[in-house]
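> A single structure is presented below for examination.
None of the figures in this text is laboratory data; all of them are computed from the coordinates on show. The model shown is predicted, which means the values in this text are computed figures rather than measured ones. All Cβ positions, even for glycine, are placed from backbone atoms using ideal geometry, and neighbour counts span all protein chains on display.
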Amino acid sequence: MAKFTPEELERAFRTYWETGAVGERWEEWSGLFTEDAAYHERILGSMQGRQAIRDWIVPIMAEYGELYTGYEWHSVDAGLGKVMVYMQNRRDHPSGEGTIDFPGITILDYAGDGRWSQEEDYWALPAARRAQKEYEQACEKFDPEHPAKRTRHHWGNGPDWTRGARTYFDRP
């Protein structure tokens, strides 16, 4: 027997994605975790508890404000209460043409009532380093002020709910 219905997991994931990746409302997003949630960011470290997640996510997302998330796909396992999502960590190219990406995978454990008890993030560190260097060089060449513009022109081909505004500043 399934732990949760696929429909409940889909609803909870959609809220998670729309609040965080699309809406970039990180204070609100961290409230989608249980009080004792575990967050394992496989490159940057682990934290325990909703407040620790909030204290980490808000400043790091402000520091890398030019970075946004291009949805690729997700899969729900109702029997295990898990959602897996594959995405691109994305920056718009400062030339105005294309993107500079590196892939990532998130695995979420659902606790019920719209809350997540655990998140595990994996991303390709060599690709992230290459993307960072490429972005810095492109900023130097094309637009040194690009990071402050926080553009989001290429959300990907996912469903409408996976795409947001053209800039951080144009969010609802």
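> Give, in nm to one decimal, the length gained when the segment between Ala165 and Ala62 is fully stretched (0.36 nm per residue of separation minus the Cα-Cα distance).
The span from Ala165 to Ala62 would gain 35.4 nm if fully extended.
> Continuing with the same structure: Counting DSSP beta bridges in the chain, what percent are antiparallel, to the nearest 5?
85
> Let me ask something additional. What number, in percent, do you get for the relative contact order of the chain if the mean sequence gap of Cα pairs under 8 Å and at least 6 apart is divided by its residue count?
Relative contact order of the chain: 24 percent.
> Starting from the Cα coordinates of region 1-56, work out the convex hull volume and express it per residue in Å³.
That works out to 101 Å³ per residue.
> Here's a follow-up. Over region 72-172, how many percent of alpha carbon pairs lie in each 5 Å bin up to the one with the longest distance?
Calculated P(r), rounded to whole percents: 2, 11, 17, 18, 18, 15, 9, 5, 3, 1, 0.
> Excluding residues on the same chain fewer than 8 positions from Lys82, give the lysines whose Cα lies under 18 Å from its Cα.
Within reach: Lys3.
> Between Trp56, Trp29, Trp17, which gets the highest mean-square fluctuation from a Gaussian network model of the chain, Cα cutoff 10 Å?
Result: Trp56 has the largest fluctuation of those listed.
> Same structure again: I'm a student and want to see the number: the projected area of the Cα convex hull of region 25-112, averaged over all directions, in nm².
Mean orientational projected area (region 25-112, Cα hull): 6.5 nm².
> Using the Kirkwood formula on the Cα atoms of region 6-159, what hydrodynamic radius do you get, in angstrom to one decimal?
By the Kirkwood definition, the hydrodynamic radius is 16.2 Å.
> Further, regarding this structure: Given a Förster radius of 45 Å and the C-beta distance between Ala148 and Asp113 as r, what FRET efficiency does 1/(1 + (r/R0)^6) yield to the nearest 0.05?
That gives a FRET efficiency of 0.70.
> For the chain, what is the calculated [θ] at 222 nm in deg cm²/dmol (nearest 500), taking -39500 (n - 2.57) for each run of four or more DSSP H residues and dividing by its residue count?
Helix contribution divided over all residues of the chain: -9000 deg cm²/dmol.
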